[in-house]
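Visitor: Handing you this structure, nothing more for now.
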Amino acid sequence: MKATRVFQLTALALVVVSAVQVGWWLFDQHAYTVEKVSAARAAYAEQVAAAQALLDSGAAPARVQQLLPGIVVSGGHASLAPQLAEALTTEEHRRYRQYAWEGSFFMLALAACIAVIARALREEAHVREQQDSFLALVSHQFKTPLASLQLSLETLALRAPGPEAARPLIDRMLADVARMEQMVTQILESARLERGRVDLKSEPLQLAAAVARVTAQLEERARRERITLSSDIAPTLTVVSDPLALDVVVRNVLENALAAVKSAGGGRITLSARASEREVELLVSDSGVGFAPAESARLFQKFSRLRGGASGYYGTGLGLYIVRRLMELAGGRVSAQSDGLGKGASVRLTWPAVAVSAAAMPQPAAGEESRP
Amino acid sequence: MSATLPPPHVLVVEDDPHLAAGVMENLRAEGYEVTAAPDGEQALDWLAGHGCALVVLDVMLPGADGLAVCRTLRARGNTTPVLFLTARGDPADRVRGLEAGGDDYLAKPFHLQEFLLRVRAILRRWDWYRSASATSATAVLRFGGNEVDFRAFRARAWNGEAQELTEKEAMILKVLAEHAGEIVSREDLLERVWGYDVFPSTRTVDNFILRLRKRFEKDPANPRHFLTVWGVGYRFLGEGEP
């Protein structure tokens, strides 16, 4: 990293010096041409004066023209041959044109070099800045479960509670470890998405099947937390996405909704979908704690966590960021809406509609059966 | 803590439920009465109607952060001691916490025993301060035309100017007045007023003495009450230097 930077800065300095050099060269060439042209004009004027003096002293015009071939004599007056004067002017203009073209070409090329290097330097500074703030945020996110884990362990060591009293402490520690593990997974996932280093497939998938898969995994938890999960999605609705990415997107949105409803002490989550000519839309609405409408954009940023209720929320602040990135990569988008704190919220996932191709469209029934 | 007194009440303001539960269980096990608040607003609401001996305050809270909560508390004239808990522990952050009116600062993850020790130390300092200002004779200090009310954290200076004292200024003045005429070292002042290792240097004490001189000396450049004993510390003279 450091060697690259030194190289870039050296290159930048060299290019700037070259630009100054080209400027100086242009100035110098121009001055030289001006000097040469005026010297040539002066020499021609001397020839004309000499020819006139010869004529005035009675020399034959033919003899004068023979001695000074660049002079024409007419009616006893010596003057410079028009083709010579013209040739001088033509040469003068040709040189100025040449400098203008060459100068602008080199200047443009050098300016392009400077722009490229400056851009690279700026981008690198931006990346470094982002990495720093990312590291600061990540370490901060880890310190809370770590502190909780340490506190539980030291409580066990200090108070040596019986098995009965130790149970909640152990449960808490296991949950803290799970929380940190989830963070590591999500951080790696988001880092891969960030660099675009993901190999996403694009295949037509049944939205209803993906939603059914994810809700089946979360149903037990929802029941425990007094949350009703219901979905009404037509089996014909199809989106083009990576199968794993689709599951991650639906799961993260649902987990977010579960946390929001849990904080409100229970409630319901409904999933519905509809299709227009151009888009397929999945709407996840919950009766949870909601958020201030002004915060809807911040929701999908990295490490943004909204206030939880009394029961708290263990989010890593990466779940919805991952949703946004995956949706963008699938050519879709995501948005969230709430009427305010305590008023529930809804998340809208939108995919571009599948270009209708009978071969690519899975048959609803067949699609279901072929799934293992 | 005598057996006849009710146990000190501690308010724990922490948004992480696990950490809050761990802190509260341990404080209860030590005999404190504990109340929890998951965010700054609820903490301020509770404090508006209740008193407590100590607030354990997380810095990174949803909504208003811990520093803002502490500043609001102080602006309301509430002098309840505050122990900050934070995920950031660099010196600049510590200073910010103490400037906001905090008494002590602990970086996460912290050691349980150290946490309990600090809680005890803060409560002991305030116990001492309150009991040392309990009688009408000890609640008010008069010197060189100045009058200091330790219970109200207010003073009237020799020139008639009303002064609001910070808790630290009042505590320093209390320590010095208790040992009037004697030399008190900077380390003693740090230990009595701040506890251990909160501030990086004893220079902090010097700054507070300068502030006290500005408030109460007729000529702060030639102090007659707050005298420097070079290389050792300070001596307070109630009558003024002859």
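Visitor: From zero outward in steps of 10 Å, how is the percent of C-alpha pairs of segment A:2-128 spread across the bins?
Guide: Using 10 Å bins, I get a P(r) of 11, 25, 17, 14, 12, 9, 7, 4, 1 for segment A:2-128.
Visitor: Sticking with this structure for a sec: Pull out the extension gain between A:Glu35 and A:Leu67, defined as 0.36 nm times the separation in residues minus the alpha carbon to alpha carbon distance; nm, one decimal. Walk me through the numbers on the way to the answer.
Guide: Details: separation 32, 0.36 × 32 = 11.52 nm, distance 2.69 nm.
Answer, rounded to one decimal: 8.8 nm.
Visitor: Right, another one. So what's the net charge close to A:Glu124: Lys and Arg +1, Asp and Glu -1, counting the other residues with Cβ under 12 Å from its Cβ?
Guide: Surrounding charge for A:Glu124 is +3.
Visitor: Report the Cα centroid-to-centroid distance between segment B:11-63 and segment A:214-270 in angstrom, as an integer.
Guide: Cα centroid to Cα centroid, the span is 33 Å.
Visitor: Moving on. Near B:Trp128, within a Cβ-to-Cβ distance under 11 Å, what is the net charge of the other residues, with Lys and Arg +1 and Asp and Glu -1?
Guide: Surrounding charge for B:Trp128 is +3.
Visitor: Next question, about the same structure. Starting from the Cα of B:Thr202, step 7 Å toward the Cβ, then list every residue of segment B:162-189 with an amide N under 12 Å from that point.
Guide: Only B:184-189 pass the distance filter.
Visitor: How far is it, in nm, from the label point at A:Asp199 to the one at B:Leu117 when both lie 7 Å from their Cα along the line to the Cβ?
Guide: Each label point lies 7 Å from its Cα, and together they span 5.5 nm.
Visitor: Rounded if a/c is under 1.5, else prolate if a/b beats b/c, else oblate: with a ≥ b ≥ c from the C-alpha gyration tensor eigenvalues square-rooted, which is segment B:136-236?
Guide: prolate
Visitor: To continue, here is another question. Please report, in debye to the nearest 20, how large the charge dipole of the protein assembly as shown is about its Cα centre when each Lys and Arg carries +1 at its beta carbon and each Asp and Glu carries -1 there. Write down the numbers at each step before the final one.
Guide: Working: 69 positive and 72 negative charges, 54 e Å.
Here the protein assembly as shown has a charge dipole of around 260 debye.
Visitor: Distance in nm between label sites at B:Ser131 and A:Ala100, each 7 Å beyond Cα in the beta-carbon direction?
Guide: With each label placed 7 Å out from Cα toward Cβ, I get 9.7 nm.
Visitor: Please work out the FRET efficiency for the pair A:Leu153 and A:Val184, using the Cβ-Cβ distance as r and a Förster radius of 25 Å; give the result to the nearest 0.05.
Guide: Details: r = 20 Å, r/R0 = 0.79.
With R0 = 25 Å, the Cβ-Cβ based efficiency is 0.80.
Visitor: On average, how much area does the Cα convex hull of chain B cover when viewed from any direction, in nm²? Write down the numbers at each step before the final one.
Guide: On the way: hull surface 55.4 nm².
Its Cα hull, projected and averaged over all orientations, spans 13.9 nm².
Visitor: Now, a different point. Under the rule a/c < 1.5 gives rounded, and otherwise a/b versus b/c splits prolate from oblate, where does segment B:9-132 land using the Cα gyration tensor? Walk me through the numbers before you get to the answer.
Guide: Details: a/c = 1.13, a/b = 1.04, b/c = 1.09.
Since a/c stays below 1.5, the shape of segment B:9-132 is classed as rounded.
Visitor: Between A:Met107 and A:Leu329, how high is the FRET efficiency from 1/(1 + (r/R0)^6) when r is the Cβ-Cβ distance and R₀ = 41 Å? Nearest 0.05.
Guide: 0.50
Visitor: In whole Å, how far is the Cα centre of segment B:151-219 from that of segment A:1-40?
Guide: What the calculation gives is 67 Å, centre to centre.
Visitor: Let me ask you something else. Compute the relative contact order of chain B as a whole-number percentage, counting only Cα pairs closer than 8 Å that sit 6 or more residues apart in sequence. Spell out each step's value before the answer.
Guide: Details: 346 pairs, mean separation 28.0, N = 242.
About 12 percent, as a whole number.
Visitor: Which of A:Gly58, A:Gly317, A:Gly332 moves the most in a Gaussian network model of chain A with Cα springs under 10 Å?
Guide: Result: A:Gly58 has the largest fluctuation of those listed.
Visitor: Assigning unit charges at the beta carbon (Lys, Arg +1; Asp, Glu -1) and nothing else, what dipole magnitude in debye, to the nearest 20, does segment A:1-79 show about its Cα centre?
Guide: It works out to roughly 440 debye.
Visitor: Ok, one more. Would you list, by chain and number, the aspartates and glutamates whose Cα falls below 13 Å from the Cα of A:Lys302, excluding same-chain residues fewer than 8 positions away?
Guide: A:Glu189, A:Glu194
Visitor: Before rounding to the nearest 500, sum -39500 (n - 2.57) across all DSSP H runs of length at least 4 in chain A and divide by the residue total; then give [θ] at 222 nm in deg cm²/dmol.
Guide: So the helix-based figure for chain A works out to -22000 deg cm²/dmol.
Visitor: Return the lysines within reach of B:Lys174: Cα separation strictly under 23 angstrom, same-chain partners fewer than 8 residues apart disregarded; answer none if there are no such residues.
Guide: Counting by Cα, and skipping residues close in sequence, B:Lys174 has these lysines nearby: B:Lys214, B:Lys218.
Visitor: Here's something else I'd like to know. B:Lys108: which lysines have alpha carbons under 20 Å from its alpha carbon, excluding same-chain residues fewer than 8 sequence positions away?
Guide: Straight-distance partners of B:Lys108: A:Lys143.
Visitor: Taking 8 Å as the Cα distance limit and 6 or more residues as the minimum spacing, I'd like the relative contact order of chain A as a percentage.
Guide: Details: 448 pairs, mean separation 46.7, N = 372.
Relative CO of chain A lands at 13 percent.
Visitor: Something else: Set the Förster distance to 35 Å, then compute FRET efficiency between A:Glu277 and A:Ala118 from the Cβ-Cβ distance, nearest 0.05.
Guide: Values: r = 46 Å, r/R0 = 1.30.
The formula returns an efficiency of 0.15 here.
Visitor: I would also like to ask the following. Helix hunt in chain A: which complete DSSP H runs extend at least 18 Å axially by C-alpha with mean Kyte-Doolittle at least 0.5?
Guide: A:2-56, A:243-263
Visitor: What does the C-alpha gyration tensor say about the overall shape of segment A:137-194? Classify as rounded when a/c is under 1.5, otherwise prolate if a/b is larger than b/c, or oblate.
Guide: Values: a/c = 5.84, a/b = 2.59, b/c = 2.26.
Prolate shape, in that a/c is at least 1.5 and a/b is the bigger ratio.
Visitor: When Lys and Arg each count +1 and Asp and Glu each count -1, what net charge do the other residues less than 13 Å away from B:Arg156, Cβ to Cβ, add up to?
Guide: Spelling it out: positives minus negatives among the neighbours equals -1.
Just so you know, all these numbers are worked out from the coordinates, no wet-lab data involved. Quick caveat, the model's predicted, so the values are computed rather than measured. All Cβ positions, even for glycine, are placed from backbone atoms using ideal geometry, and neighbour counts span all protein chains on display.
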